[in-house]
Amino acid sequence: AQTVTQSQPEMSVQEAETVTLSCTYDTSESDYYLFWYKQPPSRQMILVIRQEAYKQQNATENRFSVNFQKAAKSFSLKISDSQLGDAAMYFCAYRAISSGSARQLTFGSGTQLTVLP
Amino acid sequence: NAGVTQTPKFQVLKTGQSMTLQCAQDMNHEYMSWYRQDPGMGLRLIHYSVGAGITDQGEVPNGYNVSRSTTEDFPLRLLSAAPSQTSVYFCASSYSTWRSYNSPLHFGNGTRLTVT
């Protein structure tokens, strides 16, 4: 079974600074997708960024980028120029491509990010 | 475009009561699922469906039933509520993987359920 581990329950960053959230996963699959979701206090789940395992290039979405290390099974999220609106719970998630489990997302336990003014 | 609509937003039940959490999506998604979110545990899959008439169990299915009679609706039933089912419940949908392997999940806004 796949597992996703977020070892930082809480993180804080100063406004305008950069912060990196860690995520590691365990899988025997070779093809899969990785996602970061953001959950603000409104409880809404918002997709931040996604990464296909077969792509070596790290995904980037504006101020959000990932450092994907397939051999190390690591998928960290970097937030640049942090803003107060980035304060939220961040979840790392894994989705296999093989049949049977391809539709399920496995989530990490989350990292609560605080942005300090 | 409503997306994924969950009702109710909040619910308080007494132990042993039953209820149904409603979920509807208007994006013609084949895949629908229910997750529960508990502190320190992330989101865990309860049940999922890959199309009308097809359902399957996820990681934590005990105490919950589902059915999928239409593409749009995927209700979650608690037959006899227990305090261990106090949680925040999310419905989520997406295109099936044959259409788009990286199709992201679209989430409803959640239901906070308290069982006393």
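The values are calculated or read from the model by the stated rules, or taken from the named source; none is laboratory data. A quick note: this is a predicted structure, and the numbers were derived from the prediction, not measured. Every residue, glycine among them, receives a Cβ derived from its backbone with ideal geometry; neighbour counts consider all protein chains shown. Keep in mind that these areas ignore ligands, DNA and RNA; they rest on the heavy atoms of the full protein, side chains included. Shrake-Rupley method; radii C 1.70, N 1.55, O 1.52, S 1.80 Å.
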(request) Working carefully through the options B:6, B:57, find the one that is open to solvent by 70 Å² or more (accessible area, probe 1.4 Å), within 20 Å of residue A:104 (Cα to Cα), of a type in the set (S, T, N, Q) and within 14 Å of chain A (Cβ to nearest Cβ). (result) B:57
(request) State all residues of region B:87-116 that are farther than 14 Å from residue B:25 by Cα, open to solvent by less than 40 Å² (accessible area, probe 1.4 Å) and at pLDDT 95 or above; if no residue qualifies, say none. (result) B:87, B:88, B:89, B:111, B:113, B:115
(message) Please go through region B:39-54 and give me each residue that is more than 8 Å from chain A (Cβ to nearest Cβ) and open to solvent by 20 Å² or more (accessible area, probe 1.4 Å), ordered by number.
(response) B:39, B:52, B:53, B:54
(request) Output the residue which, of all residues in region A:1-19 that are surrounded by 15 or more Cβ atoms within 10 Å (Cβ to Cβ) and more than 14 Å from residue B:42 (Cβ to Cβ), is farthest from the other protein chains (Cβ to nearest Cβ). (result) A:13
(request) Working carefully through the options B:109, B:28, B:62, find the one that is within 10 Å of chain A (Cβ to nearest Cβ) and outside any strand (DSSP E or B). (result) B:109
(request) Look at residue A:88 and say whether it is over 12 Å from the mean Cα position of the chain (by Cα), within 14 Å of another protein chain (Cβ to nearest Cβ), at pLDDT below 95 and open to solvent by less than 70 Å² (accessible area, probe 1.4 Å). (result) no
(request) Within region B:11-25, work out how many residues are farther than 22 Å from residue A:106 by Cα and either within 11 Å of chain A (Cβ to nearest Cβ) or not hydrophobic (A, V, I, L, M, F, W, C) (or both). (result) 8
(message) Being open to solvent by less than 30 Å² (accessible area, probe 1.4 Å), in contact with a strand residue (DSSP E or B) (Cβ under 7 Å, 6 or more places away or on another chain) and away from chain B (no Cβ under 14 Å): is that true of residue A:79 here?
(response) yes
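To keep it simple, each residue is scored yes or no on (1) free of Cβ contacts under 8 Å to residues at least 60 places away in the same chain; (2) more than 21 Å from residue B:88 (Cβ to Cβ); (3) touching a Leu at 6+ places or on another chain (Cβ under 7 Å).
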| site | (1), (2), (3) |
| --- | --- |
| A:28 | yes, yes, no |
| A:44 | yes, no, no |
| A:67 | yes, yes, no |
| A:74 | yes, yes, no |
| A:90 | no, no, yes |
| A:116 | no, yes, no |
(request) Scan region B:75-86 and give yes if some residue there is within 14 Å of another protein chain (Cβ to nearest Cβ) and open to solvent by less than 20 Å² (accessible area, probe 1.4 Å), otherwise no. (result) no
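A quick yes/no check of all residues on (1) closer than 23 Å to residue A:116 by Cβ; (2) among the aromatic types (Phe, Trp, Tyr); (3) modelled with pLDDT of 95 or more:
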| position | (1), (2), (3) |
| --- | --- |
| A:12 | yes, no, yes |
| A:28 | no, no, no |
| A:37 | yes, yes, yes |
| A:55 | no, no, no |
| A:60 | no, no, no |
| A:68 | no, yes, yes |
| A:76 | yes, no, yes |
